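For reference, the structure is listed below as structure tokens.
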Amino acid sequence: MSDATDQVFTVGTALAARGEIATGLLPIAIGMDAREVAIPVAVAHGAEPGPTVLIEGGLHGIEIVTVEICRKLIQERLDPRTLRGTVIVAPQLNPWAFLASSRFTPQDAQDMNRVFPGTAGGTLSFQVARVVTRELLDRADYVIDCHSCNPPSLHFTIVGEEGAPEVRARALAMAKAFGYPVVNANTAYAGTLSGYCLSQGKPTITPEFVFSRRFDAVSLETGVTGMLNVLRHLELLPGSPEPVAVPGAFPEAMTYVSVGATRGGYCFFTRNCGDHVRKGDSLAVLRDVWGQEMETITAPRDGIVIAYPLQGNQAAGTGDKIAYLAY
């Protein structure tokens, strides 16, 4: 996995010699017009050998902030002459979802973050996930899997529950170094990129920026600092992690639970992100078009509201996620 002896590190058409940064394209599929589809990649190949860190995002096409974070990191903040190891960035893994401004791959209606490590004979999302696994994930020692949450939301970093305890412990240390509040997942979705990496022994963290579809100034500034903090923590860069200040931060790592709707309706929030609530407190009220209350969403336990992650309009149906509660 590491690049201890490689003088040139290659990803797709990006070829970086030691102490250099290179950009290029990684082919991932063939389109219906017979043209090759490729994603942008960059490689910062350190002057000294060391581990390989992958920073990626864009599995969901509406979560675009990783693009600008990666650009600023590579073009403005990262000097490969001081780097020990290699940093790969792949900020937009699902170009079809991006072009459709959708969370899902439009060709097969799949959430690409539920199909890893992919399969050779599956639909587009599965086959692209297989290429990403082979060409990016399997070459990394550590992974930063970037996502963003629809507002209102705090900035936070998720550590998954897959993998061996030692791997999760190293991931937790990475998350704390990043600088955002840390939450452990309590329910593992099948087929996530982070879950695959953790199960393969690769410490992986998932920063959740704010917000989808837009470039948020706080996310851009703190996201770049967080990336550099992880690289310092892993000793790819000299120095110690810098403090990161975001609204609603809490000091200790917590666990989060998703609270969903049983019925449905227009969603009216009754709390603010960062609020401390008690078990049974109202989090949101669902109403019909005339304002009649259909359901009150309550906290299943004491905790802190960290997000209202509605995927579309401010409304929800049966089973839709309403709130994330950290406890």
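Bridge orientation summary for the chain: considering DSSP beta bridges with both residues in this region, about 70 percent are antiparallel. Calculate, in whole percent, how much of the Cα-Cα pair population of the stretch 129-255 lies beyond 20 Å. Everything past 20 Å amounts to 43 percent.
For residue 279, the lysines whose Cα comes closer than 24 Å to its Cα, not counting residues fewer than 8 places off in the same chain, are 321. For the chain, the mean projected area of the C-alpha convex hull, equal to one quarter of the hull surface, is 16.6 nm².
Annotation for residue 17 and residue 68: the two label points, set 7 Å from Cα along the Cα-Cβ direction, are 3.5 nm apart. In the full protein context, the chain carries 42 Å² of accessible surface per residue, based on a 1.4 Å probe and ignoring ligands, DNA and RNA.
A convex hull fitted around the alpha carbon atoms of the stretch 236-327 yields 123 Å³ per residue. Its Cα centre serving as origin, the stretch 92-142 has a Cβ charge dipole (Lys and Arg +1, Asp and Glu -1) of approximately 60 debye.
Relative to one another, the C-alpha centroids of the stretch 256-293 and the stretch 1-59 are positioned 44 Å apart.
Answer rounded, prolate or oblate for the stretch 62-195, using the Cα gyration tensor with square roots of eigenvalues a ≥ b ≥ c: rounded when a/c is under 1.5, else prolate when a/b is larger than b/c, else oblate. If you can, show how the numbers build up before the last one.
Values: a/c = 1.36, a/b = 1.23, b/c = 1.11.
Rounded shape, in that the Cα axes give a/c under 1.5.
In straight-distance terms, cross-link reach from residue 72 covers every one of the lysines whose alpha-carbon lies under 23 Å from its own, apart from those fewer than eight places away in the same chain; here that gives 176.
The values are calculated or read from the model by the stated rules, or taken from the named source; none is laboratory data. Note that this is a predicted model, so its numbers are computed, not measured. Cβ: placed from backbone, ideal geometry, glycine included. Neighbour counts: every protein chain shown. We work out accessible area using only protein heavy atoms, side chains counted, and drop any ligands, DNA or RNA first. Shrake-Rupley method; radii C 1.70, N 1.55, O 1.52, S 1.80 Å.
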